[in-house]
Number of protein chains: 2
Amino acid sequence: MTQQLNGRKKKLLELIVNEYVSTAEPVGSRTISRRYPMGVSSATLRNEMADLEELGYLEQPHTSAGRRPTQKGYRYYVDKLLKTSSITEEEEKVIQNSLAKMNEVEHIISVASRVLSQITSYTSLILGPQFKKSAFNQLRILPLDDNKGLVVMITNMGFVKNKVIELPRSLSGAELQQVVQYLNKKMYGLTIDQVTESLIKELKRDLFNRIELLEQAFLLLEESLNEEERARVFLGGTTNILNQPEFKDVNKIKQFLSLFEQEDLLFNLLEGEGDVCESSGDVVVKIGRENPLEEVHECALVTASYMIGNRTIGKVGVLGPTRMDYDRVLAVVRAITIHLNRVLER
Amino acid sequence: MTQQLNGRKKKLLELIVNEYVSTAEPVGSRTISRRYPMGVSSATLRNEMADLEELGYLEQPHTSAGRRPTQKGYRYYVDKLLKTSSITEEEEKVIQNSLAKMNEVEHIISVASRVLSQITSYTSLILGPQFKKSAFNQLRILPLDDNKGLVVMITNMGFVKNKVIELPRSLSGAELQQVVQYLNKKMYGLTIDQVTESLIKELKRDLFNRIELLEQAFLLLEESLNEEERARVFLGGTTNILNQPEFKDVNKIKQFLSLFEQEDLLFNLLEGEGDVCESSGDVVVKIGRENPLEEVHECALVTASYMIGNRTIGKVGVLGPTRMDYDRVLAVVRAITIHLNRVLER
DNA sequence: TTTAGCACTCAATGATTTAGAGTGCTAAAC
DNA sequence: GTTTAGCACTCTAAATCATTGAGTGCTAAA
């Protein structure tokens, strides 16, 4: 389908994309020949542009206007024409400095998200570390006073989850230890994902005679499964899109912004993709309708995974108009991901 | 300054506010006399309206337009004319049902915020429980393995904060217990607010010979002081304002929405006020420029405090245009607060 | 004090015009 | 065969102008 374009057409498409990205105005043959002398006249370019339109890479808003890239045009640009550039040293420094001092994971990520949106001036989304993908390490019950205790669950990735429960007096310390030991043995090494309801039922059965006493301790487990179903999505620069001329219509703005209030959609946006095609663990670009979600049909999404050790635990993304500075965004996303990996390694 | 208005003027102002609130159009004498027959002609109303304008309660966008309430007009309406109504049974049910099942505090509040914005169709803000206002209860160090431990800090309001630290092997279990015991004794009953840097320094001095070993444990304390400086602000319906005709200008939208990305501003908005005047712990209304923050000069903010026990731990608020349905919003905020108090009581 | 009547104001709406950027096509030039 | 100059044509965006109608303020009579 996607034919090979001759050199001049490639160059032309590239110029048009660049020009349109920076001006947001449909670009005409005249503009190109004036601004980027290619040794041919505007008439020639006109012919070439008509060809590119026929091939589906360009479109006209109306007959007597210049042309702008279609989704297919952007796709070709990203796949074939993009030269991987890198970010400026200054930007590099900004990233490094902002992430350097932080300790807490959530904090790091929220800062990363802010930096990402600032540098790109688009909207950033970062899918936080997913508790459920980390492996169970141990469970402790820490007596607080006569009838209260703190259940603490720790995962191999350093997540800690806890809950204050009431401890029936009738339970001796020794018994408690036994139960805890048993649970630890059974669950060690499983990811939280794998602690299914059926496993919990099984555990309960095994501990039949002590169930009621520890009903509340189990609550922690169950809540971990349900409530934390979706990791938090960290947003930055949600209003940046308002600077884009294509979003001057209030209804579009509304549709776009209300997306950010639906964390489940955001989660799917980030998590739902990257399925197979994410070969090298590198950056993925989804343009316009390539994304099933209607709200982003006029947007492009650039994502990458970040990891602790060799395990992917979340995603970094930038969402902007399809008329996006892909070159730059790709570089920034790549850089942020690398820094995030480094910092999270501790 | 604020003179007494005669009965008819009061009634008229009330009608105008109501009418303007529901239509968003400046209301003219004719409209009023047609829609709400008061036994007098439009000419009479015209005179009365001219008076109200002179007194500063009404204004005209331009000479030949109807009139709309000024900030002063709204203030008079809220202070003198508002009849406290209550919410519908259905709304009552919605609130009750949404909040009933939840356990975790954060979750409760985030749901409350969503419900609040849904019912009012304005933007809701809830200032989450403030860790720093709860009192220190105890600190524990829980050994994880040979060289790691989990520091757990628990407050009287059931907040738990923790951090994984490295434990130097050279520290014996008994020594550790001693240190922990000492810290507990020193800090018991203080609010986190009161654990100042100077106190930490003092503690460090007392434990001089063991400082280095526990440097990291102190980190938890220090982070508690700094990072969690501000409690989280939970938002709901941030895009609801886009449905309001007075916010059809993209720049206004931008200014308004970018407020929501600055948590510190939101924090001040909610916390900074309610200072003294909040006599009965009841609902507070701030209209337009009564609020120092420029971004909300065309908005009204309705807030109330919620509490655990008899201690205020956070605030509930609704932010909308000054042309707000005060009657309804006050009722809803009141209701939400009551339910929140009840649910948080556990 | 109230009201009818009337002249006047002004934003909003819609029609009309104009200007300019850009296209497609043709015929000549390379 | 490609490229180019020239030209007629198209269509939007901006500017101008006229119209409409809701609403006011004022005056004089009830």
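What follows draws every value from the coordinates through simple rules; no lab data is involved. Because the structure is predicted, anything quoted here is derived from the model rather than measured. Cβ atoms come from the backbone with ideal geometry, glycine included; neighbour counts cover every protein chain shown.
Could you name the lysines in cross-link range of B:Lys248, using Cα to Cα under 19 Å and dropping any fewer than eight places away on the same chain?
A:Lys248, A:Lys252, A:Lys254
Percentage of Cα-Cα pair distances in the range A:7-81 greater than 17 Å, rounded to whole percent?
The answer is 33 percent, as a whole percent.
Can you list the copy-to-copy distances for A:Thr312, using a point 7 angstrom from Cα toward Cβ, in nanometres, shortest first?
Taking the point 7 Å beyond Cα along Cα→Cβ, the inter-copy spacings are 4.8 nm.
Which one, B:Val284, B:His62, B:Val318, projects farthest toward the positive side of the charge dipole computed for the protein assembly as shown from Cβ point charges (K/R +1, D/E -1)?
So the residue we want is B:His62.
Using Cα-Cα distances under 8 Å and only pairs 6 or more residues apart, what relative contact order does the range B:7-81 have, in percent? Walk me through the numbers on the way to the answer.
On the way: 78 pairs, mean separation 26.9, N = 75.
Dividing the mean separation by the residue count of the range B:7-81 yields 36 percent.
Which value at 222 nm does chain B reach when only helices count, each DSSP H run of 4 or more adding -39,500 (n - 2.57), with the total divided by all residues and rounded to the nearest 500 deg cm²/dmol?
-13500 deg cm²/dmol
How big is the protein assembly as shown by Rg and Dmax over its Cα atoms, in Å?
Just the Cα atoms of the protein assembly as shown yield Rg and Dmax of 30.3, 93 Å.
If R0 is 22 Å, what FRET efficiency do you get for B:Glu25 and B:Leu82 from their C-beta distance, rounded to 0.05?
Computed FRET efficiency for B:Glu25 and B:Leu82: 0.50.
In whole Å, what three semi-axes, largest first, describe the equivalent ellipsoid of the range A:1-148 built from its Cα gyration tensor (square root of 5 times each eigenvalue)? Walk me through the numbers on the way to the answer.
On the way: eigenvalues 517, 66, 37 Å².
Whole-Å semi-axes of the equivalent ellipsoid: 51, 18, 14.
If you fit an axis through the alpha-carbon atoms of helix A:197-206 and take the longest principal axis of the Cα set of chain A, what angle between them do you get, 0 to 90°, nearest 10?
10 degrees
With no solvent and one equal point scatterer placed on each C-alpha of chain A, evaluate the Debye formula and give log10 I(q)/I(0) for q = 0.06, 0.10, 0.12, 0.14 Å⁻¹, two decimals.
Taking Cα atoms of chain A as identical point scatterers yields -0.32, -0.72, -0.91, -1.11.
Taking the highest mean first, how do the peptides A:180-193, A:324-337 order by number of other beta carbon atoms within 10 angstrom per residue?
A:324-337, A:180-193
State, to one decimal in nm and shortest first, how far the label point of B:Ala50 sits from each corresponding label point in the other identical copies (label point: 7 angstrom along Cα-to-Cβ).
7.0
Going by average Cβ density within 10 Å per residue, which order do the peptides B:151-158, A:160-167, B:66-73 take, highest to lowest?
B:66-73, B:151-158, A:160-167
How tilted is helix A:326-344 with respect to the longest principal axis of chain A? Cα atoms for both, answer in degrees (0 to 90, nearest 10).
It works out to around 20 degrees.
How shielded is B:153-165 by partner chains, expressed as the average number of their Cβ atoms within 10 Å of its Cβ atoms?
Mean shielding by partner chains, rounded to a whole number: 3.
Nm distances between the label at A:Arg342 and the same-position labels in the remaining copies, 7 Å along Cα→Cβ, shortest first?
The answer, with the shortest distance listed first, is 5.5 nm.
On C-alpha positions alone, give me the angle between the axis of helix A:42-54 and the longest principal axis of chain A, in degrees, nearest 10.
The angle comes out near 40 degrees.
Per the Kirkwood treatment, what hydrodynamic radius in Å, one decimal, follows for the range B:41-111 from the mean inverse distance over all distinct Cα pairs? Numbers along the way, then the final one.
Details: mean 1/r = 0.0625 Å⁻¹.
Answer for the range B:41-111: a Kirkwood hydrodynamic radius of 16.0 Å.
Over the residues of the range A:247-346, compute the C-alpha Rg and express it relative to 2.2 N^0.38 Å.
1.12
Based on Cα coordinates alone, diagonalise the gyration tensor for the range A:143-199, multiply each eigenvalue by 5, take square roots, and list the semi-axes in whole Å, largest first.
23, 14, 10
Taking R0 as 35 Å, what's the FRET efficiency between B:Glu92 and B:Asn268 from their Cβ-Cβ distance, rounded to 0.05?
The formula returns an efficiency of 0.65 here.
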